[in-house]
Amino acid sequence: MDTALAAGLALTLAGLVGYLVGIVAPYPGRAFSVTGVMIGITLLAIGRWSDGNEGGGDSA
């Protein structure tokens, strides 16, 4: 799942940048940067997990 991995990386980086900017200069809606980081990390985990399971599992 390269799409989930790329989206997770982009959201995580954008969220971190938004969070750091919010520390320096508070702006309305800065809490969404934390949400972006959480969703980004989740997508990174999904993207990395699905890369290792492309071969499928047990087929009985």
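Tabulated values for the structure
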read-out: Region 2-50, relative contact order [Cα under 8 Å, separation at least 6], %; value: 58 percent
read-out: Integer Hz, Karplus 6.51/-1.76/1.60 couplings in order for region 4-17, x for Gly and Pro; value: 5, 5, 5, 5, x, 5, 5, 5, 5, 5, 5, x, 5, 5
read-out: Segment Ala14-Ile46, extension gain: residue separation times 0.36 nm, minus the distance between their alpha carbons; value: 9.7 nm
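Computed from the coordinates by the stated procedures, all read-outs in this text should not be read as laboratory data. Nothing here was measured: the structure is a model prediction, and the numbers come from that model.
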